[in-house]
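Asker: One structure, pasted below without further comment.
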Amino acid sequence: QVQLVESGGGLVQAGGSLRLSCAASGSIFSIFAMGWYRQAPGKQREFVASITSGGSTNYVDSVKGRFTISRDNAKNTVALQMNSLKPEDTAVYYCAQLRSRGNYWGQGTQVTVSS
């Protein structure tokens with residue numbers, strides 16, 4: 001059974017940085033694309049970033065140049081480095097293992113950016 005456990009959320013002032021990490025178990029981590037999504041209060045969950053098994057990355061326009069997704073296949077982890085954070089980045093951030101038949105999700109970690 002696939003398990004994804006996020007860590008690294010918290011409260012930060014605007015302009016600050018946070019690094020989220022997601023530890024995966026229960027699957028052959030290296031062959032699957034991984035992603036980060038977020039859900040703000042009253043809004044739908046939205047895509048933030050993804051990284052393929054080969055390391056190609058994709059970002060939503062609103063975080064390009066500020067966020068960086070990376071993976072460590074030896075440690076079965078995926079990270080999201082978030083710089084120049086803005087109040088509108090406040091959300092619960094979810095790690096996902098991307099599969100054609102449906103993603104696996106972590107429990108989420110809260111990120112709050114104060115102005």
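The values are calculated or read from the model by the stated rules, or taken from the named source; none is laboratory data. Since we're looking at a predicted model, the values are computed, not measured. FYI the Cβ positions are ideal-geometry reconstructions off the backbone, even for glycines, and counts take in every protein chain you see. Surface areas here come from the heavy atoms of the whole protein model, side chains and all, with no ligands, DNA or RNA. Shrake-Rupley method; radii C 1.70, N 1.55, O 1.52, S 1.80 Å.
Asker: Taking segment 100-115, which residues are surrounded by fewer than 18 Cβ atoms within 10 Å (Cβ to Cβ) and among the hydrophobic types (A, V, I, L, M, F, W, C)?
Answerer: Scanning segment 100-115 gives a single hit, Trp105.
Asker: So in segment 1-24, with the set limited to residues that are surrounded by fewer than 19 Cβ atoms within 10 Å (Cβ to Cβ) and under 15 Å from Arg99 (Cα atoms), which one is modelled with the highest pLDDT?
Answerer: Among residues in segment 1-24 that are surrounded by fewer than 19 Cβ atoms within 10 Å (Cβ to Cβ) and under 15 Å from Arg99 (Cα atoms), the one modelled with the highest pLDDT is Gln3.
Asker: Which pairs have Cβ atoms under 8 Å, sit 6 or more apart or on different chains, and link a residue in segment 57-69 that is within 13 Å of Lys86 (Cβ to Cβ) to one that is assigned to a loop (DSSP other than H, G, I, E, B) and open to solvent by less than 40 Å² (accessible area, probe 1.4 Å)?
Answerer: Every condition considered, the pairs that remain are Arg66/Leu85.
Asker: Those residues that are farther than 18 Å from Gly8 by Cβ and in a strand (DSSP E or B), I need them from segment 36-49; list them, please.
Answerer: Glu46, Phe47
Asker: What's the number of the condition Ile28 fails, among (1) modelled with pLDDT of 95 or more; (2) β-branched (Val, Ile, Thr); (3) closer than 21 Å to Gln107 by Cα?
Answerer: Every listed condition holds for Ile28 apart from (1).
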